[in-house]
Amino acid sequence: MKKLILSVLSVMLIATAAYAQPKLEIVGGNSYDWGKVTPKDSPLKTKVKLKNVGTEKLVISNVKPSCGCTTAPLDKDQLNPGETATIDVTFNVGSHAGVNSKTIRISSNDPNNSTVIFRLSADVQKAITVSPGYFAFNQMEVGKEETSKVSIKNTSPKSITISDMTKSPSDMKLNFSGSKTLKPGETLELIAKVTPTAPGYLNCWVKLKTNSDEDPTLSISGYGSVKESPIFNNK
């Protein structure tokens, strides 16, 4: 009988030990969405609570955001059963319109879920959108004119005036000068033409002013790789 009791107790102790373990839970779920925001709202901030819902001490070994535009310091990295820790999240959404998404990788000694991915998102609303966000020049060659274009769209409910354009290089040709007022939903196609004079990497930019409080300045960059020409002098 004693042997049987000891055997039962041993099994119970083994079972108890098997279930005695740390367990990480993110309070409120594994994602956070700020919804619709504007660039002026950046940086976005929130607090993420981590809880040890297990029966042993939880050790958080690493909290790693997906890129430098997100910071996530942790107030403590060891949690007894029932304790919580806080991640102070700061999210710089940048200047591009649309959904911005980032992640935070959380590593711990939770044996069943050693790495948890927490997802962040925000839908950036802009008064003016540029699509694509840059001039891309393909198959460039010394002495050969190349063309690229972008679309500038007024996505606000009010008319917006674009004016005071500056550019680099100065000999870049554009189909726009002076000023233009875009009605809500209206689009301006901006066409750029460049004739490279030397092989290598070409950089260019166009800057425009607007009367929009949300987007007072538009800055559009451009790039391209220039090959030597068998005809023109390659400086």
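A few notes on this one:
- Matching residues, the range 176-185, being in a loop (DSSP other than H, G, I, E, B) and farther than 23 Å from ALA136 by Cα: GLY178, SER179, LYS183, PRO184, GLY185
- Test: residue in the range 121-138 that is in contact with a helix residue (DSSP H, G or I) (Cβ under 8 Å, 6 or more places away or on another chain) and not in a strand (DSSP E or B): yes
- Unmet requirement for LYS102, which otherwise passes all of (1) crowded, with 18+ Cβ neighbours inside 10 Å; (2) within 22 Å of ILE220 (Cβ to Cβ); (3) within 25 Å of the chain's Cα centre (by Cα): (2)
- Flag if ALA136 is under 27 Å from the mean Cα position of the chain (by Cα) and modelled with pLDDT of 90 or more: yes
- Test: SER148 is in a strand (DSSP E or B), in contact with a Ser or Thr (Cβ under 6 Å, 6 or more places away or on another chain) and polar (S, T, N, Q): no
- Among residues of the range 98-128 being among the aliphatic types (A, V, I, L, M) and touching an Asp or Glu at 6+ places or on another chain (Cβ under 9 Å), the one that is farthest from SER212 (Cα to Cα) is VAL116.
- The combined condition, being outside any loop (DSSP other than H, G, I, E, B), under 30 Å from ASP41 (Cβ atoms) and within 25 Å of the chain's Cα centre (by Cα), is not fulfilled by SER163.
- Residues of the range 186-198 classified as part of a strand (DSSP E or B) and either small (Gly, Ala, Ser) or open to solvent by 50 Å² or more (accessible area, probe 1.4 Å) (or both), total: 4
- Among the residues of the range 199-235, those identified as farther than 23 Å from THR129 by Cα, at pLDDT below 90 and open to solvent by less than 90 Å² (accessible area, probe 1.4 Å) are SER229, ASN234.
The values are calculated or read from the model by the stated rules, or taken from the named source; none is laboratory data. What you see is a predicted model, and the numbers here were worked out from it, not measured in a lab. In this analysis, Cβ positions are derived from the backbone assuming ideal geometry, glycine residues included, and neighbour counts consider all displayed protein chains. Accessible surface is based on the protein model in full, side chains and every heavy atom, while ligands, DNA and RNA are left aside. Shrake-Rupley method; radii C 1.70, N 1.55, O 1.52, S 1.80 Å.
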